[in-house]
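In what follows, a structure is listed as structure tokens, so that the remarks can point back to it.
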Amino acid sequence: MPEQTVHAIDLTDNDRYAEAVPYADFDRLRREDPVHWHPEPDGPGFWAVLRYDDVVAVSRDTAAFSSETGATALEDLDPDALAARKSMLDMDPPRHTRLRRTLVADFTRRQALRHEENIREVVRPLVRAALDRGRFDAVEHLATAVPIRVLCRMLGVPAADEPLMVELSDRLIANTDPDLSEVQPDSPESERYRLLPFRSPAALEMHAYANALRAERTAGPPADVVTRLAQARIDELPLSEQEFQAMFLLLLVAGNETTRSALSLGIQAFLDHPGQWELLLAGADLDAAVEEVLRWTTPLHHFRRTATRDTELRGRRIRAGEKVVVWYTSANRDEEVFADPYRFDVTRDPNPHIAFGRGGPHRCLGEHLARVEIRVVFEELLAHGVTLRADGPARRVRSNFTNGLKSLPVRVRRHA
């Protein structure tokens, strides 16, 4: 049987990602067609950008490749939906810059390190309780529990509402997984929610919650991130209701889900490569290990841009208005940048991964906080001198957008 052409590759099939990331397809496209025209069954098609240097170039050139013209999701939106669903992710400078500036001081590297002891206060009892179980689900008891508690503290969300925030963020970002979302975006029912982020009714609940918090925080000292947002001014005007809702949703969903995915897939990486955990137990540099976990896991597969003018990339003619999708998952396995990219190596150096983006204004706002959270979780596990072993099959999220796990059963092996 003749080998299929690259045009038969489908990077958008959610069912495939529920089984495993289709790395072989990314590898072949990087080799044979690194700026690849990808058809869509229900859309006009898009340019898939697969190589590291090209992903960086597209991300940097906001004039030619806009986040705002068509937003950052693969879905093509009508003008009213574009306006209703717009978040900071879906903006170009200068509006993006002004909105980001309202929060950047809360997410600097220095500020993240200042949060370290608070993060450890969250992590330490969770790790102890999980290990005491002997067998536990690393997604439920660690990867889910840590980032949402840290974020809720920073945002000023009451601890009692943490389970609700997990549920709503799951239903939003994993909206293509029937186990996590009641309305899939390709279902006729989703048309009722086309003006909402991810076409999800959970966005209505998230917006209502954000509005209630904002009503409580319009006066008084800005003791938390939500209060600073409620009192922020851009060009001497407060954030609109839509801007505030979008920022709250973005902080909660992006900050929770991406760190959660990095933690759960990172734990799985050490299950699959136990020698790397042994290196950490022997004293290998944990900061370098965190960077390798981020490269290896790449919590978000892609983001979309839209060409604002006719241009070229690797000799491919891209026309104004066409979708251009940068694939971080492929970039982080690019053999031109990473030696032996399919080796999970906690000593890898250099490691210029692109898990948080690279180039341009859209680099992840919460990257420093995520690094501290991941490092502290592994530090606390190492402090107990334990090794985790697989205790059953992992279950992946059905999504071509978010790279995550729904469950990861593990058992504890304590060293003498």
Cα-based shape type of region 248-355, given that a ≥ b ≥ c are square roots of the gyration tensor eigenvalues and the cut on a/c is 1.5: oblate
Residues with amide H under 5 Å from that of TRP327, placed H, sequence gap 5 or more: VAL49
Positive-pole candidate from ILE148, ALA64, THR108, dipole of region 1-151, charges at beta carbon: THR108
For the chain: relative contact order, % (alpha-carbon pairs under 8 angstrom, 6 or more apart): 27 percent
Point-charge dipole on Cβ atoms (K/R +1, D/E -1) for the chain, about Cα centre, debye to 20: 940 debye
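Given axes a ≥ b ≥ c from the Cα gyration tensor, I'd like to know whether region 1-97 is rounded (a/c under 1.5), prolate (a/b larger than b/c) or oblate. Don't skip to the answer; put the middle values down first.
Working: a/c = 2.41, a/b = 1.67, b/c = 1.44.
Prolate, since a/c reaches 1.5 and a/b exceeds b/c.
Could you sort 393-403, 103-113, 244-254 so that the peptide with the highest average Cβ count within 10 Å comes first and the rest follow in order?
Working: 393-403: 20.1, 103-113: 14.6, 244-254: 22.9.
In descending order of packing, they fall as 244-254, 393-403, 103-113.
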Region 304-326 versus region 260-288: alpha-carbon centroid distance in Å: 38 Å
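On average, how much accessible surface per residue is there in region 157-221, in Å², for a 1.4 Å probe, leaving out ligands, DNA and RNA? Could the numbers behind the result be given before it?
Numbers: 3050 Å² over 65 residues.
Here the per-residue accessible area is 47 Å².
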Separation of alpha-carbon centers, region 365-412 and region 174-247, rounded to whole Å: 27 Å
Most fluctuating residue given options ARG371, ARG192, ARG333, as computed from a GNM of the chain linking Cα atoms under 10 Å: ARG192
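Is the shape of region 114-224 rounded, prolate or oblate, going by the alpha carbon gyration tensor and its root eigenvalues a ≥ b ≥ c, with a/c under 1.5 for rounded and a/b larger than b/c for prolate?
Details: a/c = 3.36, a/b = 1.24, b/c = 2.70.
Oblate is the answer for region 114-224, as a/c is 1.5 or above yet b/c matches or exceeds a/b.
Run the numbers on region 133-217 and let me know its relative contact order in percent, using alpha-carbon pairs under 8 Å that are six or more apart. Before the final figure, lay out the partial values.
Details: 62 pairs, mean separation 14.8, N = 85.
Relative contact order, region 133-217: 17 percent.
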Carbon and sulfur %, accessible surface of region 1-159 computed with the full protein complex present, 1.4 Å: 49 percent
Highest-MSF residue in the chain out of ALA160, ALA210, ALA129 [GNM, Cα springs under 10 Å]: ALA160
Within a Gaussian network of the chain (alpha carbon springs, distance under 10 Å), most fluctuating of THR298, THR311, THR72: THR311
Percentage relative contact order, region 72-161, counting C-alpha pairs under 8 Å, at least six apart: 17 percent
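Given the DSSP H assignment, sum -39500 (n - 2.57) over each helix run of at least 4 residues in the chain and divide by its residue total; what's the result at 222 nm in deg cm²/dmol, nearest 500? Write down the numbers at each step before the final one.
On the way: 16 runs with 181 residues, N = 416.
Mean residue ellipticity at 222 nm (helix-derived): -13500 deg cm²/dmol.
The values are calculated or read from the model by the stated rules, or taken from the named source; none is laboratory data. Since we're looking at a predicted model, the values are computed, not measured. Backbone-built Cβ (ideal geometry, glycine too); neighbour counts: all protein chains shown. Calculation scope for accessible area: heavy atoms of the full protein, side chains included, ligands and nucleic acids excluded. Shrake-Rupley method; radii C 1.70, N 1.55, O 1.52, S 1.80 Å.
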